[in-house]
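Have a look at this one.
The values are calculated or read from the model by the stated rules, or taken from the named source; none is laboratory data. A quick note: this is a predicted structure, and the numbers were derived from the prediction, not measured. Cβ placement follows ideal geometry from the backbone for every residue including glycine, while neighbour counts extend to all protein chains displayed.
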Amino acid sequence: MGKKRTKIYLQDWLAFHPYSHPKQCDYYYLKLCNEILGTLEEHPVLQLHFNLSDVELRNLACFISGYFEDVISGPGLWKSFITQVMELYGTYLPFFEPDPEEYFPDEINLEDIHFLFWYYISMVRYDEANVGPHLFEVTTLSEDIFEILEREYEEAPENERLKEVYAPPPGKDDFDALIDTIRWIMLDSWLLHFGGIELDEMLGYELAEEGEEPLTDDAREVYESDMADTYIMFSYTPLMARQGKDWLAYLLGKEHRLFDSLRGMGEKKSGFYLYLGQEGDVRLFRHIASETVLRVVDFESMPGNSIAGESMYYGGFVKWRGKWYLLGSLIILESGYASTAAEKEHLDVRARHLFRDRQAVLGGKLEKMHQIFLKYNSGKALVFVESLKKAGEFIREFLLFYNESLDLPESVKEEENELVMELELDRGPFTDTNSDSGESIPGMVFFNPDSGFETAFGYNELIPDPDNLWYIESDSGAGRLLYSQYISGRWMHYLAEHYELPGLSLPGEGGEETMEKNFDFILRFRKREHYYFGLASKF
C-alpha cells in the first residue's frame, strides 16, 4: 500500500500572507498548491538526495505557488530579488545566467524554478552542507513544475491585497505601517519566511533558559515581541545579505519616494533610558550610558500621562528620516533595579558607544589607515600572529604608528589617538574565537578598508603564505573559511585573490568553476551580516 498523500490546508497557505482572512483568489492558489505538492511527492530526486519531511514538502509547494502568485500580482518580492542580482552581478540569476534575450523579468521562467529549488533546499539544509545548483537542471523536476505554472499563467488571478503591499498608495508611509510590512517580509513572506523559522528557534532556545522563575504570560509576550522587532531590524537574510528595510525598499522600487530613506533607516538602539518629559508632541528620553537625548515622535501607544517623569525604562528606538520612533514596548524599571542598571550601563563600553556612528567617525579615515597599514606591513593587508595577546599588541603598535604618521598638531594627535584606540581596541571581543580554554591559538589580523581591523583565530593552517608559520599543506579544508563568522566577505575576496585555497567548491560537476563565478553571491548567502564585518570586528 502506497504512502498516504499529504494535503495543504487553507491556514497553511495563508501563513505566507500579510492577512489571516482568505480572499477568493486564495482558494485558487490553494488548489494549485496541492497540485504542485502531488508532483513533488511523485518526484524521487527530492527524497533521494534531500529526504524532505512532509512539512518541508508542503512548505515547498506553498513556496513555489507563492512565487507564482508574486509574479502574477507584482512586481513583488521576486522582482526585487532579481533587481538586486542584476544590480550587483549584471545577470538576472546566480548560477544559471539566463540569456537576457530569452529571460522575461516580469513573467515566469524555467531558470527561476531551477534557482528556487536550489534556494529552498539550501535554506532547509542550511547548517548541513552546500547544495549543488545544477542538479536541478539535469532532472525533470523543474520542467514538470514549470509546465503546471505555464498552463495556469493566463488564467491565474491577481491578489489585490498583495498589490496593496507591493504598491502602497501615496501617504501610506507612516513608520508603524512600514515596520509591519518589514515584519511580514522578514518572518512570513514566501521568499524569506525562513527568518520566521529561525526566530522561533531562537525564542525556543532563549525561553528554555528561563531557570527557576519563568516569565509571566504578559512578560513573555513583551519579550517575544521585543525580540521579533530586534530580529527584523538587525538580521541579514542569507539571500543577498540584506536587511528587512532593504527588501522593502527594493519591493517598492528604486524610483519610489521612500527608497533612499528606507535604506538609510537606522538600527534599533536598545538600552536603558530616563524619561525626561514632553515638549508638544515630542517625548524626551536620555540614554543612560551615552547621555544622548532622543526626541521621540508618534508616541500614540503610550499616552503622555501614563509615563512617570524621571523614571527609567528599557526600550528600543529607531531613527528614520531624521526622527526617532519607539519600536516595541517600554518596560519601566523598579527603583532598586534601575539604580544598579544605571551603574552597569556607565561601565559598559558598548553601551557608551551605542549612538556613536563608528563608520561616520572612522569612515573618512579608513582608506588613509589602509594605505598606512600596507606601508607598515610590507604591502600586505594580512598579518599572522601566534596568539590573541600578539594580535592586540600588533594593533596597538600600528595605531600608534598611524597616529604619528599624521600631519597634525600634537594636541590633535593625542585626541585622535584616544578616539581611535577606544573604537578599535575596546569594541572587541579580543578572544580566541575557536577555543574555550586559555590556550593560545595562532591567528590573523586583516585590515578591511571598509570596516577596519578584523581578527580570526584557528584558521592559519589553511593559508599558504610564506610568513605563516602555521600553514599545513592540504587538498581540502578551505570551506571552513566560507562558513566562518569571523572572516568577512572582503577578507574572503582577499584570500581567494592572493592564495590557492583547496576545497572551495560546490557539489556536482564543475563545482569549482560554479563557486568561482558566483563567489560573492555565495559569500553573502553563507556569511549574512558577517559579509560586511567579521564577528570580532563589529562594535
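Can you spot a residue in region 237-248 that is under 26 Å from the mean Cα position of the chain (by Cα), closer than 30 Å to Ile332 by Cα, of a type in the set (Asp, Glu) and outside the structural domain of Ser339 (by TED's automatic domain parsing)? Spell out the reasoning first.
Residues of region 237-248 that are under 26 Å from the mean Cα position of the chain (by Cα), as a first pass: 237-248.
Filter once more, keeping what is closer than 30 Å to Ile332 by Cα: 243-245.
Restricting the remaining residues to those that are of a type in the set (Asp, Glu) gives none.
No, every residue in region 237-248 fails to be under 26 Å from the mean Cα position of the chain (by Cα), closer than 30 Å to Ile332 by Cα, of a type in the set (Asp, Glu) and outside the structural domain of Ser339 (by TED's automatic domain parsing).
What residue, of Glu154, Glu201, Glu128, is outside the structural domain of Glu512 (by TED's automatic domain parsing), acidic (Asp, Glu), over 30 Å from Ile522 (Cβ atoms) and surrounded by fewer than 15 Cβ atoms within 10 Å (Cβ to Cβ)?
The match here is Glu154.
Has region 2-13 got any residue that is touching a helix residue (DSSP H, G or I) at 6+ places or on another chain (Cβ under 8 Å), modelled with pLDDT of 95 or more, of a type in the set (A, V, I, L, M, F, W, C) and surrounded by fewer than 18 Cβ atoms within 10 Å (Cβ to Cβ)?
Yes, region 2-13 has at least one match.
A follow-up question, please. Being in contact with a helix residue (DSSP H, G or I) (Cβ under 7 Å, 6 or more places away or on another chain), at pLDDT below 90 and of a type outside the set (A, V, I, L, M) narrows it down to one residue among Phe447, Phe430, Phe533; which is it?
Details: Phe447 fails: at pLDDT below 90; Phe533 fails: in contact with a helix residue (DSSP H, G or I) (Cβ under 7 Å, 6 or more places away or on another chain).
Unique residue meeting the criteria: Phe430.
Right, another one. Could you check region 19-100 for helices (runs of 4 or more DSSP H) lying wholly inside it with 2 or more residues that are modelled with pLDDT of 95 or more and in the same structural domain as Phe146 (by TED's automatic domain parsing)?
By residue number, 24-42, 54-73, 77-89.
Suppose we keep only residues that are at pLDDT below 95 and among the aliphatic types (A, V, I, L, M) within region 488-511. Which one would you say is surrounded by the fewest Cβ atoms within 10 Å (Cβ to Cβ)?
Leu501
A follow-up question, please. Is there any pair with a first residue in region 320-335 that is in a loop (DSSP other than H, G, I, E, B) and a second that is polar (S, T, N, Q) whose Cβ atoms are under 7 Å apart and which are 6 or more apart or on different chains, and what are they?
Arg321/Ser261; Gly328/Ser225; Ser329/Ser225
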